[in-house]
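Below: the structure, in structure tokens.
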Amino acid sequence: MTDTVLCINAGSSSLKFKLFEALADGGLSVSIEGQLDGIGVKPHLKAADGAARPLADRQLSPAQAPDTGAAVPMLLQWLRDQLNGVVPVVIGHRVVFGGTRYAAPVRIDDAVLAELRALVPMMPLHLPPELAPIEAIRAHLPDLPQVAVFDTGFHRGHDEVVERLPVPDTYYREGLRRYGYHGISYEYIAQRLPAAAPDIADGRVVVAHLGSGCSMAALVGGRSVETTMSFTALDGLTMGTRPGRLDPGVVLYLFQVKGMSAKAVEDLLYKESGLKGLSGISNDVRALLNSDDARAKIALDYFSLSCARAVAELATVMGGIDGLVFTAGVGEHAAPVRGAIGARLAWLGLEIDAAANARHGPRISAAQSRIACYVIPTNEELMMARHALALVRSRA
């Protein structure tokens, strides 16, 4: 019987999932992928097979999926029905934060789960909805192996001067430091570079993960040496609804002068800022590119400046730059955004080939460009599946 691996990426009201089949040559092939969103309000299940043929597209009642934990058994039963009763050999979970303890993927047991729960105060928005499916599966199928793959893991090992925040040492020892995120995506790109961009794979590369959440990482020889996100996923680049770099005094002003509550400030910073706040129109880059509103242009100009500034900063950390890679939704599909960022980096020797950029690459830099520039699609779920299957097989 073919081994299958289920990968789950849980949000506050959604479960993205992808089921892989292990191939005889050691590779992995997608057999089912989909999403259960609107959990607790208007749950909607949409799924397709590996050839993109629809398998489900239906509205559920709130009682069927009142929260992410309760939705998991229902989802597992649906998958089991699709597979004629077959159960995955392992489930891999994207866990956004591993703290100072966890860098490598780990099989989840009682001790690991207890330590992850203890990290919730440091990551209160992300960890609870990510841990809920893990706990539900442990209650429903206690013998089914589960593996946590950490978004912070790939960035572990940064030099201390890079990892530090300029706060008293006591806080650093308590875990207040720069962790970085999107590490699963960066690890995948690092593994793809030798085949997709061999001319820069061993060099100094900035990878731009531009989606709804955005960050960049500096890779030297395929290893992360710096990244734009920090203690939380609010820092660094301007994003769809998050501000990125922001004067801390703004937060003090919101508390002290505007009298806003912690929850109100949290909502402002996570849900109402970034491109959405700048434009007043949308956090979706596609909508902004199609808009004639001057505020949309301001938002996109701000975004390209934020990205170009970050590339220059990361080049400083690396002592130069040999390559730039765009990935994730915006990075892979928004040619005008890539072009605008490239134009701001012309002083560094980057020259974008307009025709190649319009085709989305894979190489989009001109032949004479001093910096090679590529578009490489990311695949976080495949990276998770590889880790989960390798770990469970090594234990076997």
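None of Ala65, Ala70 is of a type in the set (Gly, Ala, Ser) and touching a Leu at 6+ places or on another chain (Cβ under 9 Å) except Ala65. Using the structure shown, decide if Ala148 is in contact with a strand residue (DSSP E or B) (Cβ under 6 Å, 6 or more places away or on another chain), closer than 30 Å to Pro73 by Cα and in contact (Cβ under 8 Å) with a residue 40 or more places away in the chain. Yes: the conditions hold for Ala148.
Say we look at region 192-201 and pick out the residues that are over 23 Å from Gly236 (Cβ atoms) and touching a residue at least 60 places away in the same chain (Cβ under 8 Å); which of these is least open to solvent (accessible area, probe 1.4 Å)?
The selected residue is Ala197.
Checking the conditions here, which among His44, His126 is under 21 Å from the mean Cα position of the chain (by Cα) and either of a type outside the set (Val, Ile, Thr) or surrounded by fewer than 21 Cβ atoms within 10 Å (Cβ to Cβ) (or both)?
His126
For region 292-323, the candidate set comprises residues that are touching a residue at least 40 places away in the same chain (Cβ under 8 Å), of a type outside the set (Ser, Thr, Tyr) and touching a Gly at 6+ places or on another chain (Cβ under 8 Å); within that set, the residue that is surrounded by the most Cβ atoms within 10 Å (Cβ to Cβ) is Ala310. If you filter region 341-355 down to residues that are in a helix (DSSP H, G or I) and open to solvent by less than 40 Å² (accessible area, probe 1.4 Å), you find that the one that is farthest from Tyr374 (Cα to Cα) is Leu348. If you take the residues in region 101-118 that are surrounded by fewer than 20 Cβ atoms within 10 Å (Cβ to Cβ) and within 19 Å of the chain's Cα centre (by Cα), which one is nearest to Glu266 (Cα to Cα)? Within region 101-118, the match that is nearest to Glu266 (Cα to Cα) is Ala103.
Taken together, Leu275, Leu289 contain a single residue that is modelled with pLDDT of 95 or more and open to solvent by 50 Å² or more (accessible area, probe 1.4 Å), which is Leu289.
Does region 219-239 hold any residues that are surrounded by fewer than 23 Cβ atoms within 10 Å (Cβ to Cβ) and free of Cβ contacts under 8 Å to residues at least 60 places away in the same chain, and which are they? Across region 219-239, the qualifying residues are Gly221, Gly222, Leu234, Asp235.
Checking the structure you have, find out if any residue of region 59-78 is open to solvent by 40 Å² or more (accessible area, probe 1.4 Å) and modelled with pLDDT of 90 or more. Yes - at least one qualifying residue is present in region 59-78.
Residues in region 376-385 that are part of a helix (DSSP H, G or I) and either of a type in the set (S, T, N, Q) or crowded, with 23+ Cβ neighbours inside 10 Å (or both): Glu380, Glu381, Met383, Met384, Ala385.
Asn84 falls short on exactly one of the conditions (1) touching a Gly at 6+ places or on another chain (Cβ under 6 Å); (2) more than 20 Å from Ala136 (Cβ to Cβ), and that condition is (1). In region 245-260, the residue that is most open to solvent (accessible area, probe 1.4 Å) out of those that are of a type outside the set (A, V, I, L, M, F, W, C) and outside any loop (DSSP other than H, G, I, E, B) is Gln256. If the condition is being in contact (Cβ under 8 Å) with a residue 24 or more places away in the chain and in a loop (DSSP other than H, G, I, E, B), then region 362-375 contributes Pro362, Ile364, Ile371.
Would you say Gly329 is open to solvent by less than 10 Å² (accessible area, probe 1.4 Å) and either part of a helix (DSSP H, G or I) or among the β-branched types (Val, Ile, Thr) (or both)?
Against the criterion (open to solvent by less than 10 Å² (accessible area, probe 1.4 Å) and either part of a helix (DSSP H, G or I) or among the β-branched types (Val, Ile, Thr) (or both)), Gly329 does not qualify.
Every test in (1) open to solvent by 60 Å² or more (accessible area, probe 1.4 Å); (2) within 17 Å of Ile91 (Cβ to Cβ) is passed by Arg164 save one, and that test is (2). Say we look at region 142-161 and pick out the residues that are of a type in the set (A, V, I, L, M, F, W, C) and open to solvent by less than 40 Å² (accessible area, probe 1.4 Å); which of these is farthest from Ser224 (Cα to Cα)? Checked region 142-161; the qualifying residue farthest from Ser224 (Cα to Cα) is Leu144.
When Val206 is tested against the conditions (1) open to solvent by less than 10 Å² (accessible area, probe 1.4 Å); (2) in contact with a Lys or Arg (Cβ under 9 Å, 6 or more places away or on another chain); (3) β-branched (Val, Ile, Thr), the lone failure is (2).
The values are calculated or read from the model by the stated rules, or taken from the named source; none is laboratory data. This is a predicted model, so every value here is computed, not measured. As a convention, Cβ positions derive from the backbone with ideal geometry for all residues, glycine included, and neighbour counts pool all protein chains shown. The accessibility values were calculated without ligands, DNA or RNA, using every heavy atom of the protein model including side chains. Shrake-Rupley method; radii C 1.70, N 1.55, O 1.52, S 1.80 Å.
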